[in-house]
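Q: Got a structure here, written out as structure tokens. Questions coming.
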Amino acid sequence: MFMSLTQWILFCTLAIILLLILGVLHVRKSRSSFPVLFQFIIFTALTMLVTVVSSFFTNCTGYYYIWWSLTALYTIMVFGAFHEAFLHILKPFSAVTDMGKMLFRWATIFLLFTALLTALTTAGPGNNRIIAAIQLLERSCDLMQCGLLLLLVFFQTRMGLSWRSRGMSIVLGLGTYSAFDMTASYVVEHFRGLTTQINYANQIISIVVFGFIAVVMWLPEPARRRAQDSPKLLILQRWNDVLSGHGFGPVPAHAMSFADSFIPGVEQTVERILAGKITQ
């Protein structure tokens with residue numbers, strides 16, 4: 001497989017942007033805040049290198065196995081980076097974060113179980129089964145990411161979230177790429193003649209998405225909006241208060257203050273009743 005000059009230019013541009021993201025994460029000391037994103041960027045760069053090298057030095061069968069193995073690992077890594085950014089958005093709301101972790105955990109188990117069933121029930125040789133499982137896993141992850149992105153788009157104002165924040169920007173970038181990936185899969189499956197154009201579009205979208213993430217990670221993050229700054233209690237704050245009362249996250253401060261003021265009041269009432277009975 002030989003790449004054209006345009007493909008080489010796009011390939012080198014994307015590689016430079018990935019290196020810039022790693023540098024920005026290191027300079028801005030954001031590596032500890034987004035460790036999975038850091039690993040995902042490294043994995044993406046290595047995947048690009050391995051894919052190009054293997055296309056020259058392996059036969060068609062070897063390249064075939066390498067491609068689908070990297071696709072499966074890439075799907076897992078991008079889902080992990082999206083999950084990390086989503087939890088970073090919910091970080092101030094400990095109860096909502098705990099609930100989100102639980103939902104993501106069960107969703108991951110469900111996706112792996114579904115992929116396993118697909119591999120077992122798909123007809124044909126073992127290669128077809130593995131590919132079917134990987135494709136189902138990839139499209140399911142894309143669908144989940146698009147759904148979460150739409151949730152943030154529709155409720156961004158009510159949740160008091162800013163698109164300029166790093167977590168929201170990462171979710172926006174990865175979610176946009178997932179939407180394109182789902183569309184591209186449908187187009188390639190039904191219009192085989194557009195495969196080359198889709199490959200070019202995929203490289204361009206990747207450059208735009210990772211370039212956007214690089215810029216956002218370099219710019220200073222805006223101050224997070226608080227529930228007290230809004231005339232109405234933010235919806236996330238309400239969810240957090242409700243979930244805190246059902247065992248998620250630590251007990252909120254206002255609940256502790258309520259308990260502290262309620263219990264002494266009960267004790268004083270009991271003492272007055274007992275004192276009244278003694279005087280009688």
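Derivation of every value follows stated rules applied to the coordinates shown; laboratory data play no part. Since the structure is predicted, the reported quantities are computational estimates derived from the model, not experimental observations. Note that we place each Cβ from the backbone using ideal geometry, even for glycine, and neighbour counts take in every protein chain shown.
Q: What is the residue count in segment 12-26 for residues that are in contact (Cβ under 8 Å) with a residue 12 or more places away in the chain and touching a Phe, Trp or Tyr at 6+ places or on another chain (Cβ under 9 Å)?
A: Residues in segment 12-26 being in contact (Cβ under 8 Å) with a residue 12 or more places away in the chain and touching a Phe, Trp or Tyr at 6+ places or on another chain (Cβ under 9 Å): 8 in total.
Q: Keeping to segment 6-27, report how many residues are more than 21 Å from the chain's Cα centre (by Cα) and over 20 Å from THR47 (Cα atoms).
A: Counting residues in segment 6-27 that are more than 21 Å from the chain's Cα centre (by Cα) and over 20 Å from THR47 (Cα atoms) gives 1.
Residue-by-condition table, conditions (1) assigned to a helix (DSSP H, G or I); (2) of a type in the set (Phe, Trp, Tyr); (3) farther than 25 Å from VAL36 by Cα:
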| site | (1), (2), (3) |
| --- | --- |
| GLU138 | yes, no, no |
| THR157 | no, no, yes |
| SER169 | yes, no, no |
| GLY175 | yes, no, no |
| SER178 | yes, no, no |
| THR183 | yes, no, yes |
| VAL188 | yes, no, yes |
| GLY193 | yes, no, yes |
| TYR200 | yes, yes, yes |
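Q: Exactly one of (1) touching a residue at least 40 places away in the same chain (Cβ under 8 Å); (2) within 14 Å of VAL209 (Cβ to Cβ) is unmet by ALA179. Its number?
A: Among (1) touching a residue at least 40 places away in the same chain (Cβ under 8 Å); (2) within 14 Å of VAL209 (Cβ to Cβ), ALA179 violates only (1).
Yes/no matrix, rows are residues, columns are (1) closer than 27 Å to LEU172 by Cβ; (2) not small (Gly, Ala, Ser):
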residue: HIS26; (1), (2): yes, yes
residue: LEU70; (1), (2): yes, yes
residue: ALA81; (1), (2): yes, no
residue: LEU117; (1), (2): no, yes
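Q: Additional query: What are the residues in segment 161-181 that are more than 25 Å from LEU25 (Cα to Cα) and surrounded by 18 or more Cβ atoms within 10 Å (Cβ to Cβ), if any?
A: Result: PHE180, ASP181.
Q: Conditions: (1) closer than 23 Å to ALA107 by Cβ; (2) touching a Leu at 6+ places or on another chain (Cβ under 6 Å). ILE76 meets all but one. Number of the miss?
A: (2)
Q: Moving to a separate point now. From the residues in segment 89-129 that are more than 19 Å from LEU161 (Cα to Cα) and among the polar types (S, T, N, Q), which one is surrounded by the most Cβ atoms within 10 Å (Cβ to Cβ)?
A: That would be THR118.
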